[in-house]
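Novice: The structure follows.
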């Protein structure tokens, strides 16, 4: 089923959804006014170019009185040029777990603040980030550092996966803690980019 058909059949359940369906509000206005998005169709309609990427799928086994039960946990990121979302979900089957995680990632989409914060470059473009940002999840900490154009993504493959989807082209990074845990590393990176946006609007 296409996104267009989905949007035509969508019946908004919130006032924000009604405004979006009527074309009375933009994605920028939603974030500028810190409005809460409670319907994934809002993101589908305002960011139709959003791409989805499954980071990990893990089988989780649990012993119960009736025996051993298995569930799948999906970690997903969604993004496009300048936007990023992160979500996780569990289900008895892989497909439903991925779909739930995608829906949650869409509801968690944030704008990614890009720029050229490297003193070695100063081109004024949006290939990197405007300043150093830090993120944390569990024992994992990450620092993202602006780099000159042409450096590329000098970071772990999992971090690259996140930054590429967000539209960041050049960056340096430092990581600390148990970075082999993909979920925590991805969420720490997502939190770092989200913190940059919050800092920008707090001090702007």
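Novice: In deg cm²/dmol, rounded to 500, what helix-only [θ] at 222 nm does the chain give when every DSSP H run of at least 4 residues adds -39500 (n - 2.57) and the total is split over its residues? Present the calculation step by step, with values, prior to reporting the outcome.
Specialist: On the way: 7 runs with 73 residues, N = 204.
So the calculated ellipticity at 222 nm is -10500 deg cm²/dmol.
Novice: Taking 8 Å as the Cα distance limit and 6 or more residues as the minimum spacing, I'd like the relative contact order of the stretch 16-86 as a percentage.
Specialist: Values: 74 pairs, mean separation 17.1, N = 71.
That works out to 24 percent.
Novice: Which value in Å does the Kirkwood hydrodynamic radius of the stretch 133-203 take, with 1/r averaged over all unlike C-alpha pairs and then inverted?
Specialist: Working: mean 1/r = 0.0829 Å⁻¹.
Over the stretch 133-203, the inverse of the mean reciprocal pair distance is 12.1 Å.
Novice: Which percent, nearest 5, of DSSP beta bridges in the stretch 133-203 are antiparallel? Each step should come with its number before you reach the end.
Specialist: Numbers: 11 of 13 bridges.
Taking every DSSP beta bridge within the stretch 133-203, about 85 percent pair in antiparallel fashion.
Novice: While we're looking at this one, here's another question. Run the numbers on the stretch 133-203 and let me know its relative contact order in percent, using alpha-carbon pairs under 8 Å that are six or more apart.
Specialist: Numbers: 114 pairs, mean separation 32.2, N = 71.
Once normalised by length, the contact order is 45 percent.
Novice: While we're here: Answer with a single label: of (i) 18.1; (ii) 16.9; (iii) 17.5, which was calculated as Kirkwood radius over Cα pairs in Å from the structure in view?
Specialist: Only one option fits the structure, namely (i).
Novice: Still on this structure, I have one more. Only Cα pairs under 8 Å and at least 6 apart count here; give the relative contact order of the chain as a rounded whole percent. Each step should come with its number before you reach the end.
Specialist: Working: 410 pairs, mean separation 31.7, N = 204.
The normalised contact order for the chain reaches 16 percent.
Novice: Among 60-68, 9-17, how do they line up by average Cβ neighbours within 10 Å per residue, starting with the highest? Let's see the in-between values first.
Specialist: On the way: 60-68: 7.2, 9-17: 13.4.
Descending mean neighbour count gives 9-17, 60-68.
Novice: Given the options 148, 119, 48, state which has the largest fluctuation in a GNM of the chain using a 10 Å cut-off (strictly under) for Cα springs.
Specialist: In this elastic network of the chain, the residue with the biggest mean-square fluctuation among 148, 119, 48 is 119.
Each value in this text was obtained by applying a stated rule to the coordinates, not by laboratory testing. This structure is a prediction, so every number in the text was calculated from the model and none was measured. All Cβ positions, glycine included, derive from the backbone under ideal geometry; neighbour counts span all protein chains shown.
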